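Next up is a structure, given as structure tokens.
The values are calculated or read from the model by the stated rules, or taken from the named source; none is laboratory data. Computed from a prediction, not measured in an experiment: that's the story for all the values here. Because the Cβ atoms are built from the backbone with ideal geometry, glycine has one as well, and the counts that use them run over all protein chains shown. To get the accessible areas, we keep the full protein, side chains included, count just its heavy atoms, and leave off ligands, DNA and RNA. Shrake-Rupley method; radii C 1.70, N 1.55, O 1.52, S 1.80 Å.
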Amino acid sequence: MNRRAKISIIIGSIVFVATCMIFIIAEIEIYLSTTLGICFLLYSELVFFGGFVVVEYLADKSSQIMTRAGVGIPVEGYAIIVFLSSLIYINFLDSYPRRFLIFQIILLVITAGIALVTANASKTAKERDTEILQADLRVQEFIDRLTLIKEFIDKKADIDKLIDKIKYSDKSATVHADKELNSAILNLENTIKIQEVDISEFNKQIQEIDFLITKRNLQVRNLKQGSI
């Protein structure tokens, strides 16, 4: 639990206890409307401050910006509306409780729908961002390894072509060809460790890596088209 969530719990507890004490000291006459109003007013405080805790929890597992904006704002807005409507209802003793309860139910359903849809979209965005980051790190690893290989061979131009090709490839997803590309680069690393490098074998491995980079780009493109 982060600092903001802890502060929210502390402040929320103080406000909740203070509200209870105010109603006790005020000695408000007990009617059905005042009972309902007070219950929903206290409930709104729980939702308001508890919402901060839930949003912070969800933000750690999903897109933080989308979670705080798409989930936090509707939940906090809902709590404020419930709070204000409860205060209004307490001051109208002859109001129909059924209408008040129907209003609260409709408001809860609308808010829950918005929050759930946004939370799901936020989680999906987080997974997509994580996948892109992993793909970018994998491509950068390939580049670093090829750059290191270049330092130990004379045919640097061939490696430069591979580096440029993979550097400007699509880094938005990881695909099966990444494993094959990793193995092919590993084979090349083992080949250059030999004192007398077989040129034909070296060229063959260079061509294989070039082919796998092309294959990787095609797989990423097909994956993206399939997800549309």
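Out of Ser33, Ser44, Ser13, report the one residue that is in a helix (DSSP H, G or I) and more than 24 Å from Phe103 (Cα to Cα).
Numbers: Ser33 fails: more than 24 Å from Phe103 (Cα to Cα); Ser44 fails: more than 24 Å from Phe103 (Cα to Cα).
Answer to the selection: Ser13.
Name the one entry in Asp136, Asp144, Asp158, Asp164 that is assigned to a helix (DSSP H, G or I), open to solvent by less than 90 Å² (accessible area, probe 1.4 Å) and closer than 30 Å to Tyr57 by Cβ. Outline the logic, then answer.
On the way: Asp144 fails: closer than 30 Å to Tyr57 by Cβ; Asp158 fails: closer than 30 Å to Tyr57 by Cβ; Asp164 fails: closer than 30 Å to Tyr57 by Cβ.
Every option except Asp136 fails the conditions.
Ala125: within 32 Å of the chain's Cα centre (by Cα) and either touching a residue at least 40 places away in the same chain (Cβ under 8 Å) or assigned to a helix (DSSP H, G or I) (or both), yes or no? Steps first, answer last, please.
Values: within 32 Å of the chain's Cα centre (by Cα): yes; either touching a residue at least 40 places away in the same chain (Cβ under 8 Å) or assigned to a helix (DSSP H, G or I) (or both): yes.
Against the criterion (within 32 Å of the chain's Cα centre (by Cα) and either touching a residue at least 40 places away in the same chain (Cβ under 8 Å) or assigned to a helix (DSSP H, G or I) (or both)), Ala125 qualifies.
Could you say whether any residue in segment 1-15 is in contact with a Ser or Thr (Cβ under 9 Å, 6 or more places away or on another chain) and exposed (fewer than 15 other Cβ atoms within 10 Å of the Cβ)? Reasoning before the result, please.
Step one: list which residues in segment 1-15 are in contact with a Ser or Thr (Cβ under 9 Å, 6 or more places away or on another chain), which gives none.
So far as segment 1-15 goes, no, none of its residues is in contact with a Ser or Thr (Cβ under 9 Å, 6 or more places away or on another chain) and exposed (fewer than 15 other Cβ atoms within 10 Å of the Cβ).
Quick test of your reading of the structure: Ser169 fulfils all but one of (1) open to solvent by less than 30 Å² (accessible area, probe 1.4 Å); (2) in a helix (DSSP H, G or I); (3) without any contact (Cβ under 8 Å) to a residue 60 or more places away in the chain. Name the failing condition by number.
(2)
Sticking with this one: Regarding Ile73, is this residue hydrophobic (A, V, I, L, M, F, W, C), under 22 Å from Lys123 (Cβ atoms), assigned to a helix (DSSP H, G or I) and open to solvent by 100 Å² or more (accessible area, probe 1.4 Å)?
Numbers: hydrophobic (A, V, I, L, M, F, W, C): yes; under 22 Å from Lys123 (Cβ atoms): yes; assigned to a helix (DSSP H, G or I): yes; open to solvent by 100 Å² or more (accessible area, probe 1.4 Å): yes.
Yes.
Give the residue that is least open to solvent (accessible area, probe 1.4 Å), with candidates limited to residues of segment 85-104 that are more than 16 Å from Leu42 (Cα to Cα) and in a helix (DSSP H, G or I).
Pro97
Moving on to the next point. What are the residues in segment 16-65 that are buried (at least 20 other Cβ atoms within 10 Å of the Cβ) and either closer than 30 Å to Glu131 by Cα or touching a strand residue (DSSP E or B) at 6+ places or on another chain (Cβ under 7 Å) (or both), if any?
Matches in segment 16-65: Gly51, Phe52, Val55, Glu56, Leu58, Ala59, Ser62, Ser63.
Identify the residue in segment 172-195 that is in a loop (DSSP other than H, G, I, E, B) and free of Cβ contacts under 8 Å to residues at least 40 places away in the same chain and, among all such residues, is nearest to Asn222 (Cα to Cα).
Lys193
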